[in-house]
Amino acid sequence: YKLHTAMFDEIILLEPNSPKADYVKHDRAIFVDHDFEQRQNVHSVCGIPVFDVDAVECLIDKSSM
């Protein structure tokens, strides 16, 4: 998927339509996904920040590069 693995502590690949909120393990996590309903569910269930994939660039701290 051309994601730089250093950006993440863990990348989990799931089956389509899996309830992704079930896989969030940390209360300090963020969730990045293209599906609005999944983001909405993860935010409601887990209470963590959620982002669409087009917002990933905004999350990168370029000063540490």
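The values are calculated or read from the model by the stated rules, or taken from the named source; none is laboratory data. Predicted model, so just to flag it, every value in this text is computed and none were measured. Don't worry about glycine lacking a Cβ; one is built from the backbone with ideal geometry, like all the others, and counts go over all protein chains shown. Heavy atoms of the whole protein, side chains included, go into the accessibility calculation; ligands, DNA and RNA do not. Shrake-Rupley method; radii C 1.70, N 1.55, O 1.52, S 1.80 Å.
Determine whether D35 is surrounded by 11 or more Cβ atoms within 10 Å (Cβ to Cβ), among the acidic types (D, E) and under 13 Å from the mean Cα position of the chain (by Cα).
Judged against the criteria, D35 is a match.
Could you give every pair whose Cβ atoms fall below 8 Å, whose first residue belongs to the range 35-50 and is more than 17 Å from L14 (Cα to Cα), and whose second residue is open to solvent by 60 Å² or more (accessible area, probe 1.4 Å) and β-branched (V, I, T), counting only separations of at least 6 or pairs across chains?
Filtered contacts from the range 35-50: I48/I30; P49/I30; V50/I30.
State yes or no: is H43 modelled with pLDDT of 90 or more and loosely packed, with under 11 Cβ neighbours inside 10 Å?
no
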